[in-house]
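Worksheet: the structure to be examined is printed underneath.
The values are calculated or read from the model by the stated rules, or taken from the named source; none is laboratory data. Because the structure is predicted, anything quoted here is derived from the model rather than measured. In this analysis, Cβ positions are derived from the backbone assuming ideal geometry, glycine residues included, and neighbour counts consider all displayed protein chains. We work out accessible area using only protein heavy atoms, side chains counted, and drop any ligands, DNA or RNA first. Shrake-Rupley method; radii C 1.70, N 1.55, O 1.52, S 1.80 Å.
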Amino acid sequence: MGNLADSLHWIAVTLWIGALWAIGYIAAPLLFVTLEDRALAGMLAGKMFEVVAYIGMGCGTYLLLFRLIRLGVMSFRQLFFWVLLVMFLLTLLGHFGVQPILEAVKNQSLSKEVVESVLQDRFTAWHGVSNVLYVIQSVLGLVLVVQQPTAAP
């Protein structure tokens, strides 16, 4: 059973970080380059980022519990655990904190596209916050990947 749990641990790391990078730095930018309708590109990118958030919440929950059960209080002495925890918290903040604000701004813009509304500055600012959170998660994900050989559970 230990080998399966260990394998799932590294699969969860790979799935989460791979999804962050693939969607954030390949798929979403490609949508905006390929599609003429920026609103459609934004809507599709938003749906993909939502999936990435759910992947992060699922994988993060598993990884944190796995580490705590396997290593107990020793988890708190590992960089891997703290990076994982910060990534998980940033995922929650982005999904349950920032994204609802972005949705509210979009809904307040009535039928116009956000870029055509008076709320464009507000949307741009919160979108920037979302981007910064995502970049931080991506960099922290790189730390997890690099830590894998030394962070054996």
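Go through TYR134, TYR62 and list them by solvent-accessible area, largest first, probe radius 1.4 Å.
TYR62, TYR134
Could you give the length gained by full extension between LEU30 and ARG77, i.e. 0.36 nm per residue of separation minus their alpha carbon distance, to one decimal place? Display every interim value, and only then the final one.
Values: separation 47, 0.36 × 47 = 16.92 nm, distance 4.00 nm.
Value of the extension gain: 12.9 nm.
Give the whole-number value, in cubic angstrom per residue, of the convex hull volume spanned by the C-alpha atoms of the chain. Walk me through the numbers before you get to the answer.
Values: hull volume 16.3 nm³, N = 153.
Cα-based convex hull of the chain, divided per residue, equals 107 Å³.
Got a number for carbon plus sulfur as a percent of the chain's accessible area, 1.4 Å probe?
Values: 6350 of 8960 Å².
Carbon plus sulfur share of accessible area: 71 percent.
Order HIS95, HIS9 by their accessible area, 1.4 angstrom probe, all chains in place, largest first.
Values: HIS95 30, HIS9 0 Å².
Most to least solvent-accessible, the answer reads HIS95, HIS9.
Tell me the per residue accessible area of the chain using a 1.4 Å probe; a whole number in Å² is fine. Walk me through the numbers on the way to the answer.
Details: 8960 Å² over 153 residues.
Averaged over the residues of the chain, the accessible area is 59 Å².
Return the calculated 222 nm mean residue ellipticity for the chain, to the nearest 500 deg cm²/dmol, obtained by summing -39500 (n - 2.57) across DSSP H runs with n ≥ 4 and dividing by the residue count. Don't jump to the answer; show the numbers that get you there.
Numbers: 6 runs with 114 residues, N = 153.
Calculated at 222 nm, the ellipticity per residue is -25500 deg cm²/dmol.
Suppose R0 equals 35 Å; then what is the FRET efficiency for LEU93 and ALA5 from their Cβ-Cβ distance, rounded to the nearest 0.05?
0.80
Would you mind checking the radius of gyration and Dmax of the range 1-68 based on alpha-carbon positions, in Å?
Gyration radius and largest Cα-Cα distance of the range 1-68: 15.1, 50 Å.
Can you name the helices of the chain, as whole DSSP H runs, whose Cα span along the helix axis is 15 Å or more and whose Kyte-Doolittle mean is not below 1.0?
Details: long enough: 2-22 (29 Å, 0.97); 38-71 (47 Å, 1.14); 79-92 (20 Å, 2.85); 120-147 (40 Å, 0.83).
Both cut-offs are met by 38-71, 79-92.
Viscosity 1.306 mPa s, temperature 10 °C: Stokes-Einstein D of the range 1-40 from its Kirkwood Cα radius, in µm² per second? Display every interim value, and only then the final one.
Numbers: Rh = 12.0 Å.
For these conditions, the coefficient is 132 µm²/s.
List, largest first, the extents of the alpha carbons of the range 57-110 along their principal axes, each in whole Å.
52, 17, 11
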